[in-house]
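Trainee: The following block contains the structure, expressed as structure tokens.
The values are calculated or read from the model by the stated rules, or taken from the named source; none is laboratory data. Predicted model, so just to flag it, every value in this text is computed and none were measured. Counting neighbours? That spans all protein chains shown, and the Cβs are built from the backbone with ideal geometry, glycine included. Note: areas computed on protein heavy atoms with side chains; ligands, DNA, RNA excluded. Shrake-Rupley method; radii C 1.70, N 1.55, O 1.52, S 1.80 Å.
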2 protein chains.
Amino acid sequence: MSIKIKSTNQKEMSFIEKARRSQIVECAIETIAEIGYAQASLGQIAKRAKISKGVISYHFANKEELLDQIAIEYYTAWQSYIAPLIEAQKSPKEMLRVYIESNLTFIEENRKHVIAVIEVVSNKRTADGKFGFASDHDETILLPIENILTLGMQDGIFREFTRSSLRVMALTIRNAIDGFTLELMKKSHLDVQEYTRELVTLFEKSATK
Amino acid sequence: MSIKIKSTNQKEMSFIEKARRSQIVECAIETIAEIGYAQASLGQIAKRAKISKGVISYHFANKEELLDQIAIEYYTAWQSYIAPLIEAQKSPKEMLRVYIESNLTFIEENRKHVIAVIEVVSNKRTADGKFGFASDHDETILLPIENILTLGMQDGIFREFTRSSLRVMALTIRNAIDGFTLELMKKSHLDVQEYTRELVTLFEKSATK
DNA sequence: TTTATTTTAGTACAATCGTGCAACTAATTC
DNA sequence: GAATTAGTTGCACGATTGTACTAAAATAAA
């Protein structure tokens, strides 16, 4: 196996390499979103990109690195999108509402990417069969909503949460958001505005006193 | 492709065939639950069953039939388990509580099976890339909880739901239950009782006036 | 312009995949 | 007991997979 360390230790990636990596990631996203993880071979991705398979192996150490990149890029973009919106809110109740709204908006605007991420994350396994994405990944995802719930509880607006009930609440919100993605995938003409409104109502009721 | 119709049109399955099919399905469940859908080849399943791959193809028309059987058996068992428990309740509020409790209990008692089902269902695709399990499958799953919510609304115990808000509520409950499965998969020592209690609280608050 | 480096196409390779089937063994039927 | 059916092993086959690599083309540097 050839170790490719140029992007983390050596000099900057060239303009060509950046463009090519980006194209390959984009084609991987589309391929996975359209035919599913199991069918999305490097051959299929290369075909979509109109390049040779060898180009993929030149730019990425292996398939795993390519697929991980899909997830990494998504979460980077997600965080950059969500964080400032939430920080701009004054009250935890507004933060909760904006958290849900912005998540669903982001998903709608990045449909394929989020679908590809869910496929990659749910199918990734370690050599011994465990989930490939570590639990610190989950913690990172859950942190913002857990902070919002904690803040709301401290402000006396939200109900009293124990450590575990706060975790279940946060997980349930995240599960609802991921579930929205699947629903959008099955029904491309879903009324997103209405879905969002209902989710906000639901979680406001369940979070407040 | 050889069409195997013996189990649906011809005479009864023999004792041997029933036992063998059951064993193969069981090994498929374990294989998928342990190493994931993508790695669960017929060879892996046959190895686990200590049989030749040809035995699988003798008893099942193709891999798809075998995997479908995993889901069919799960949902049959799930429905038999859930329905009487809910029917025994007098009020929609009790039904909602028992719905959540019995779902999580059933999942805990059938961990591998439900994990395998989630893997199969989420990865199944039609020839043109669409989700393989049709939307009538979703409707069947959602019907019980939708009925409970409708009943509660008619009794004046639950809040007023529009058609769409009822659907979002039902979906969110199902997403929470599926999310519990994933959590259980990642953390085998999860406190199920506590998780259940929190979920019941959460959805009671969100459903009532 | 020449040389050095990067990038690409094309393909070899071992391994694996699902499907299919011949040959064999075991059990049942006539 | 012979014929038929049920059940199994072992493996062929075409296709595909991810990894790896050579030679050629393209680009950058001297």
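The rows are residues; the columns are (1) within 16 Å of DNA strand D (Cβ to nearest atom); (2) among the aliphatic types (A, V, I, L, M).
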position: B:N62; (1), (2): yes, no
position: B:E65; (1), (2): yes, no
position: B:I70; (1), (2): no, yes
position: B:E73; (1), (2): no, no
position: B:S80; (1), (2): no, no
position: B:P84; (1), (2): no, no
position: B:E101; (1), (2): no, no
position: B:R111; (1), (2): no, no
position: B:E119; (1), (2): no, no
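Trainee: Can you tell me which residue among B:V114, B:V120 is more than 29 Å from A:A207 (Cβ to Cβ) and not assigned by TED's automatic domain parsing to the domain that holds B:E30?
Mentor: Residue meeting the stated conditions: B:V120.
Trainee: Among the residues of region B:21-53, how many are among the small types (G, A, S), more than 14 Å from chain A (Cβ to nearest Cβ) and part of a loop (DSSP other than H, G, I, E, B)?
Mentor: So the count comes out to 1.
Trainee: Quick check: anything in region A:36-46 among the aromatic types (F, W, Y), in contact with a Leu (Cβ under 9 Å, 6 or more places away or on another chain) and modelled with pLDDT of 95 or more?
Mentor: Looking through region A:36-46, at least one residue is among the aromatic types (F, W, Y), in contact with a Leu (Cβ under 9 Å, 6 or more places away or on another chain) and modelled with pLDDT of 95 or more.
Trainee: Since B:G43 meets every condition but one in (1) buried (at least 19 other Cβ atoms within 10 Å of the Cβ); (2) on the phi < 0 side of the Ramachandran plot, which condition does it not meet?
Mentor: Failing condition for B:G43: (1).
Trainee: While we're on this one: Condition first: open to solvent by less than 60 Å² (accessible area, probe 1.4 Å) and either among the hydrophobic types (A, V, I, L, M, F, W, C) or at pLDDT below 75 (or both). Now tell me which residues in region A:5-17 satisfy that.
Mentor: Answer for region A:5-17, where residues must be open to solvent by less than 60 Å² (accessible area, probe 1.4 Å) and either among the hydrophobic types (A, V, I, L, M, F, W, C) or at pLDDT below 75 (or both): A:S7, A:M13.
Trainee: Of everything in region B:160-191, what is of a type in the set (A, V, I, L, M) and either surrounded by 17 or more Cβ atoms within 10 Å (Cβ to Cβ) or facing another protein chain (nearest Cβ under 9 Å) (or both)? Give them in sequence order.
Mentor: B:L166, B:V168, B:M169, B:A170, B:L171, B:I173, B:A176, B:I177, B:L182, B:L184, B:M185
Trainee: Kindly check whether there is at least one residue in region A:120-137 that is of a type in the set (A, V, I, L, M, F, W, C) and touching a Leu at 6+ places or on another chain (Cβ under 8 Å).
Mentor: Yes, region A:120-137 contains at least one residue that is of a type in the set (A, V, I, L, M, F, W, C) and touching a Leu at 6+ places or on another chain (Cβ under 8 Å).
Trainee: Something else about it: List the number of the failed condition for A:L149; all other conditions in (1) within 10 Å of another protein chain (Cβ to nearest Cβ); (2) open to solvent by less than 10 Å² (accessible area, probe 1.4 Å) hold.
Mentor: It is condition (1) that A:L149 fails.
Trainee: With respect to the numbered conditions (1) in contact with a Pro (Cβ under 6 Å, 6 or more places away or on another chain); (2) buried (at least 20 other Cβ atoms within 10 Å of the Cβ), which one is the sole condition not fulfilled by A:D155?
Mentor: Tallying (1) in contact with a Pro (Cβ under 6 Å, 6 or more places away or on another chain); (2) buried (at least 20 other Cβ atoms within 10 Å of the Cβ), A:D155 fails exactly one: (2).
Trainee: Here is a list: B:R48, B:R111, B:R20. Which entry is touching a Cys at 6+ places or on another chain (Cβ under 8 Å) and open to solvent by 10 Å² or more (accessible area, probe 1.4 Å)?
Mentor: Among B:R48, B:R111, B:R20, only B:R48 is touching a Cys at 6+ places or on another chain (Cβ under 8 Å) and open to solvent by 10 Å² or more (accessible area, probe 1.4 Å).
Trainee: Could you run through region A:69-117 and say how many residues are basic (K, R) and under 9 Å from the mean Cα position of the chain (by Cα)?
Mentor: Residues flagged as basic (K, R) and under 9 Å from the mean Cα position of the chain (by Cα) within region A:69-117 amount to 0.
Trainee: Report, by residue number, each residue of region A:54-97 that is more than 16 Å from DNA strand C (Cβ to nearest atom), of a type in the set (S, T, N, Q) and not in a helix (DSSP H, G or I).
Mentor: Matches in region A:54-97: A:Q89, A:S91.
Trainee: Out of (1) farther than 17 Å from A:K186 by Cβ; (2) assigned to a helix (DSSP H, G or I); (3) in contact (Cβ under 8 Å) with a residue 12 or more places away in the chain; (4) within 10 Å of chain A (Cβ to nearest Cβ), the odd one out for B:I100 is which?
Mentor: Of everything listed in (1) farther than 17 Å from A:K186 by Cβ; (2) assigned to a helix (DSSP H, G or I); (3) in contact (Cβ under 8 Å) with a residue 12 or more places away in the chain; (4) within 10 Å of chain A (Cβ to nearest Cβ), B:I100 misses just condition (4).
Trainee: Moving to a separate point now. Do we find a residue being away from chain B (no Cβ under 12 Å) and crowded, with 19+ Cβ neighbours inside 10 Å anywhere in region A:115-136?
Mentor: yes
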